[in-house]
Amino acid sequence: MKQLIRYSIFSVLTLAFLSSCEESRERATKKFNEFSQQADDINSEIDKGLEKVESLDSVVRSGTQQIKEYDSIIKNSSSKIDSIAKQKTKAWEELTSF
């Protein structure tokens, strides 16, 4: 009889332990799924941010290229203007030197 009571108590304790383990596993799984979803959301936001940065970087590169082209045009124009000014100054000096 004592044996039966011991087995009964052991069985009840084992079931209680296994039940609590199952509940803990379910809670842990739920928390893991929540964290996994949050990680996916964060990853998605990071990807969106990176796309914006890459887009902005492309715009900056394009703008830099345009600035270089404009700078080249300005330098060429400046050189031409300086050359014309020197020619006109030389011609004026020749006219006024008589």
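Note on residue 48 and residue 34: the extension gain reaches 2.9 nm, defined as 0.36 nm multiplied by sequence separation minus the Cα-Cα distance. In this rough spin-label picture, where each label sits 7 Å from Cα along the Cβ direction, the residue 17-residue 86 distance is 10.0 nm. Within the straight-line cut-off of under 19 Å between alpha carbons, the aspartates and glutamates reachable from residue 52 are 40, 41, sequence neighbours fewer than 8 places apart in one chain being disregarded. Put the Cα centre of region 51-85 next to the Cα centre of region 4-31 and the gap is 74 Å. Over the chain, dividing the summed -39,500 (n - 2.57) contributions of all DSSP H runs of at least 4 residues by the number of residues returns a 222 nm mean residue ellipticity of -37500 deg cm²/dmol.
The numbers here are math on the coordinates, done by the rules we state, and not lab data. All figures in this text were calculated on a predicted structure; none of them were measured in a lab. No Cβ is skipped: glycine too gets one built from the backbone with ideal geometry, and neighbour counts run over all protein chains shown.
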